[in-house]
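The values are calculated or read from the model by the stated rules, or taken from the named source; none is laboratory data. Model, not experiment: these values are computed from the prediction. In this analysis, Cβ positions are derived from the backbone assuming ideal geometry, glycine residues included, and neighbour counts consider all displayed protein chains. Surface accessibility is based on the protein's heavy atoms, side chains included, excluding ligands, DNA and RNA. Shrake-Rupley method; radii C 1.70, N 1.55, O 1.52, S 1.80 Å.
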Amino acid sequence: MQLTKPIHITAVGSSILVGLVAIILCILKWTHTIELSWVVLIGIVLGTGVISLILFAYLINRFVSRKIKFIYSIITNRQELDANDFSLSEEAMGKLTQDTANWAKIQKKQIKDLKKQAAFRKEFLGNLAHELKTPVFSIQGYILTLLEGGLEDERVNRDFLVRALSGVDRISNLLDDLDEIARFETDRFNLKIQKFDMVQLVREVFEELESKANKKAIKLEFKRHYEPMFVMGDKKRLTQVLVNLVSNSISYGVNDGKTTIATSPVDKKTIRVEVIDNGVGMSEEHIPRLFERFYRVDKSRERHVGGSGLGLAIVKHVIEAHKQSLDVKSTEGVGSTFSFTVERA
Ligand SMILES: Nc1ncnc2c1ncn2[C@@H]1O[C@H](COP(=O)(O)OP(=O)(O)OP(=O)(O)O)[C@@H](O)[C@H]1O
Ligand SMILES: [Mg+2]
């Protein structure tokens, strides 16, 4: 018999005790150490059996219950427990096994998440240091050159100061972007939802980025000129989204290329805005990580394109804050389409 239940242990313990008592009493009777009739002897043996059964059952139950209660109070994080939670019934034991397994699963997941977060933090700090290093070194270089005589040289002094300033601007932009992301991540932001015309906004963004697009002879076009298309959202933030997406389509676009913005209804409540380019695109494997802070597809290529890899992280936060969705499709060498939804007014 396998001792899998408390009642088994009680029965075995009690049987052994009864056996021992019976043997001892028989020996004592045979050796005439004590005078006992068979009836009394059997009575004592049976009595021992019954008492030991009750006693063992009580002690084992108490001992196991206490242990289970302790484990249960840890896994459920409750001080006050229902007596049913740790009784030795089949049902309670089954529940305990299940609860413990669930608890272990949750702990395992939490540990995994914490490890992931730790790795993420490490990577983030590494990236940040790396991003700051480049402009800081260049500022340092220009200032040193100025101090070592450049200051008196009319031909370079102004130019070096302008270059140093551009390094400072770069750091300042980086810090602004990080501050923005931190605000989204800690919920310290307020969306100012208002009604505005998306078609008008696209025009404004195109105007803002026209000179950047002209440098690469990229055409900015709006597919189908709808009548005003009113939406509800934070206009300033959604401008940021469109500027980031169109700016990317130019940065990662090809000379003489094209960026198209298209709007289409999804349902009665939502419209989709697509930013389509015929630029360098990217392979599938990059898409899941694209919206992470500092993620860049081609680190060496993007270095002189100038970004720090925070634009899309901000885009994602803004769209998520609006409780809308964001999507990317891209093919290397063919182009990319970034799209997001927005609530209709
Ligand atoms: N339209 C696009 N076509 C091809 N690759 C893109 C496109 N948009 C983004 N990417 C890739 O995704 C990466 C992340 O974009 P993101 O806008 O977050 O950063 P960035 O443009 O490098 O820098 P930042 O926007 O912070 O100035 C880019 O470095 C680029 O590799
Ligand atoms: Mg960008």
Reachable lysines, given that their alpha-carbon falls under 16 Å from the alpha-carbon of K236 and they are not under 8 places away in the same chain: K192, K195, K316
Local net charge near L209, Cβ-Cβ under 14 Å (Lys/Arg +1, Asp/Glu -1): 0
Quotient of C-alpha Rg and 2.2 N^0.38 Å, computed over the stretch 230-345: 1.04
Residues of type lysines that K69 reaches as a straight line, Cα spacing below 18 Å, ignoring anything fewer than 8 places off in the same chain: K5, K95
Sum of side-chain charges, R188 neighbourhood, beta-carbon under 11 Å (Lys, Arg +1; Asp, Glu -1): -3
Calculated Rg and Dmax of the stretch 206-282 using C-alpha coordinates, Å: 13.1, 40
Residue of M232, M93, M282 that the Gaussian network model of the chain assigns the largest fluctuation, springs spanning Cα pairs under 10 Å: M93
Accessible surface of the stretch 192-345 [probe 1.4 Å, protein heavy atoms]: carbon and sulfur percent: 49
Percent of Cα pairs exceeding the 29 Å cut-off, where the set is the chain: 64
The chain - accessible surface per residue (Å², probe 1.4 Å): 64
Fully extended contour minus Cα-Cα distance, from V266 to A129, at 0.36 nm per residue: 45.1 nm
